[in-house]
Amino acid sequence: MDKKHFAADTQYAVTLRDEHRRLRPANLYVHRLFDDSMIVRRTDGPQSGQLFKIRYEDVVRIARTIPVDQSRRFMLPEAMLMPKLWENRTTMNAYASAPGLGK
């Protein structure tokens, strides 16, 4: 996969390779696209709500693309999505100050 297969503020059901190179299903909400990777929020399992930097090549297959309505989008401060902040990290916890959608 590469950047052209993804769009910001869109939800995806994908098959991706984990850190042990095993194939795993995942539900992702894409926040930001970079040249070689993207910043996503997991929307399933115990890592729900955590932000991840995922390389495009780690996504093996897109099973489903789900457009997200403007009123249902996850909001994050712009500073949390800057490329410089993500240079040396692969995960980040983001906590909402108000209930619902991280607003």
> Can you tell me which residues in the range 1-44 are in contact with a Phe, Trp or Tyr (Cβ under 8 Å, 6 or more places away or on another chain), open to solvent by less than 30 Å² (accessible area, probe 1.4 Å) and in a strand (DSSP E or B)?
Replying inline: T10, Y12, L28, Y29, V30, H31, S37, M38, I39, V40, R41
> Name the residues in the range 54-72 that are open to solvent by 60 Å² or more (accessible area, probe 1.4 Å) and closer than 15 Å to L33 by Cβ, would you?
Replying inline: R55, E57, T65
> Are any residues in the range 73-99 open to solvent by 50 Å² or more (accessible area, probe 1.4 Å) and either hydrophobic (A, V, I, L, M, F, W, C) or at pLDDT below 85 (or both), and if so, which ones?
Replying inline: M75, A79, M82, L85, N93, Y95, A96, S97, P99
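The values are calculated or read from the model by the stated rules, or taken from the named source; none is laboratory data. Quick caveat: nothing in here was measured; it's all calculated off a predicted structure. FYI the Cβ positions are ideal-geometry reconstructions off the backbone, even for glycines, and counts take in every protein chain you see. With ligands, DNA and RNA removed, areas are computed over all heavy atoms of the protein, side chains included. Shrake-Rupley method; radii C 1.70, N 1.55, O 1.52, S 1.80 Å.
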